[in-house]
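First the structure, in the form of structure tokens, and then the observations on it.
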Amino acid sequence: MTPSAAAPPELKPSWATTLKVYLEAPSLRMLALGFSAGLPLLLVLGTLSFRLREAGIDRSTIGYLSWVGLAYAFKWAWAPLVDRLPIPGLTRWLGLRRSWLLLSQLAIMAGLAGMAFNDPRLALEPVVWCALAVAFGSATQDIALDAFRIESAGAERQAALAAAYQTGYRLAMIWAGAGVLWIAARAEVAAPAVGAAGYQNGAWQTAYLVMAASMLLGTLTVLLSPEPARHELPPAKNLGEWLRGAVIDPFADFIRRYQWQAALILSLIAVYRISDVVMGIMANPFYVDMGYTKDEVAAVTKIYGVAMTLAGAFVGGALAMRFGVMRVLMLGAVLSAVSNLLFAGLSTRGHDVTALILVISADNLSSGIASAAFIAYLSSLTNISYSATQYALFSSMMLLLPKFLAGYSGSYVDAFGYSHFFTATALLGLPVLLLVWLASRMESPPGP
């Protein structure tokens, strides 16, 4: 082909066009559904660890209880059912994706109510069982929602939908973090409570019931949203054929398309968020042990966390659309490790609210950028014929190793202290940089 006949170079979209996509209906729906997805996570992990530490539960136990979050790491096991199996009555009314979304949201609300009405000082086991129910319902919601998002727009809109989803997700985490602390502080009675560190279970009961009611935003969005168009597969002739199509084919398709590169991709997915996840379990016990009150943590997160979360998610999504996902993945990996080092510095300063503002702001900004790019990257790997199952595999891989290691975080802090712990979690991010660089040099696979 002669130079004169060559195709013109592809023009990058203007900033106005790039940002306008966030006002489109699919992006707004994903903002609300992202809120529904982000709400349960901290309530069974981060915020729960604050509640348990205030109730006098030791750090090692809190660390081990974080293994409740392994439900998210094994969601690939039932993802084929969510991807293919209709719910009697409900699916005929709402469609496959929305019926599973509604069922999982109802399970989350029931589990949060159960956590509200149980006191961990009197019996820890019922709280754990209710937390498991919330985690299982939340993981199921994630499976259906990831498929709903991927099927709601083409590849050119996935970064924007990921950013909108991540913005809603992070806002929900702030509401489930700062919001629940603020509500619990407001609900405390004036007289000092009897028990560890003035713990008042009635205040936490009110806070968790409000969180359960907050899931209604996602429920309403599901009821008002259209069911996305799906790539229909030929009906199975028997149970064996259905199992092969639902369970085996999604994984075989991924291996067929990426071949040897699949190992590199899965390795990157397995460790990309390791610094954040391992560190996050001890963040709230750290605030309690450093003397920060519920009001202080809530106020800092509410004001600075919201602003930096919004900035991080939108900047991450916009940068990914303009400069490519892999460059933003590298930026996010660097920022995540650096923010953990800031926590190490904070641990040496005692009760310093100004330093807390700086650290929480940096942590939310870096996490927003990294998450928006990572979600877009995972979405780009899926074959739309198996969107729920394949995305569940990827997001499960993302959490399996980090959640397992996080279970030992309390014991590590007991042995070496907070400063050493935060530094170690930052160093865990170093292999991520190499894997992102190697993945960025991969050739694009053939289409499905």
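The values are calculated or read from the model by the stated rules, or taken from the named source; none is laboratory data. Note that this is a predicted model, so its numbers are computed, not measured. Don't worry about glycine lacking a Cβ; one is built from the backbone with ideal geometry, like all the others, and counts go over all protein chains shown.
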Point to revise | Selection from the stretch 406-422 of residues that are surrounded by 17 or more Cβ atoms within 10 Å (Cβ to Cβ) and in a helix (DSSP H, G or I) | key: Ala406, Ser409, Gly410, Tyr412, Val413, Tyr418, Phe421, Phe422
Practice item. Answer yes if at least one residue in the stretch 134-152 is in a helix (DSSP H, G or I) and without any contact (Cβ under 8 Å) to a residue 12 or more places away in the chain, and no otherwise. Key: no
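Go through the stretch 117-129 and report how many residues are closer than 14 Å to Ser66 by Cα and crowded, with 22+ Cβ neighbours inside 10 Å.
So the first thing to find is which residues in the stretch 117-129 are closer than 14 Å to Ser66 by Cα, and the list is 124-125, 127-129.
Next cut, crowded, with 22+ Cβ neighbours inside 10 Å only: 127.
Within the stretch 117-129, residues that are closer than 14 Å to Ser66 by Cα and crowded, with 22+ Cβ neighbours inside 10 Å number 1.
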Check your understanding: For Met211, all conditions in the list (1) modelled with pLDDT under 85; (2) part of a helix (DSSP H, G or I) hold save one; what is the number of the exception?
Key -> (1)
Review point. All but one of (1) modelled with pLDDT under 80; (2) closer than 26 Å to Leu171 by Cα hold for Ile384; which doesn't?
Key: (2)
Check your understanding: Of all residues in the stretch 51-107, how many are crowded, with 21+ Cβ neighbours inside 10 Å, of a type in the set (Ser, Thr, Tyr) and more than 23 Å from the chain's Cα centre (by Cα)?
Key -> 0
Practice item. Six or more apart or on different chains, Cβ under 8 Å: which pairs go from a residue in the stretch 80-108 that's on the phi > 0 side of the Ramachandran plot to one that's surrounded by 15 or more Cβ atoms within 10 Å (Cβ to Cβ) and in a loop (DSSP other than H, G, I, E, B)? Could you list them? Key: Gly95/Glu227
Point to revise | Criterion: in contact (Cβ under 8 Å) with a residue 24 or more places away in the chain and out of contact with any helix residue (DSSP H, G or I) (no Cβ under 6 Å at 6 or more places or on another chain) - qualifying residue of Ser347, Ser371, Ser380, Ser361 | key: Ser380
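Quick grid of which residues meet (1) at pLDDT 85 or above; (2) more than 30 Å from Arg441 (Cβ to Cβ):
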site	(1), (2)
Ser225	yes, yes
Pro228	no, yes
Pro234	no, yes
Asn238	no, yes
Leu243	no, yes
Phe251	no, no
Trp260	no, no
Ala263	yes, no
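How about the stretch 379-396: which of its residues are among the aliphatic types (A, V, I, L, M) and over 13 Å from the mean Cα position of the chain (by Cα)? Please lay out each step first, then the result.
So the first thing to find is which residues in the stretch 379-396 are among the aliphatic types (A, V, I, L, M), and the list is 381, 384, 388, 392-393.
Once the filter is applied, which keeps residues that are among the aliphatic types (A, V, I, L, M) and over 13 Å from the mean Cα position of the chain (by Cα), the stretch 379-396 yields Leu381, Ile384, Ala388, Leu393.
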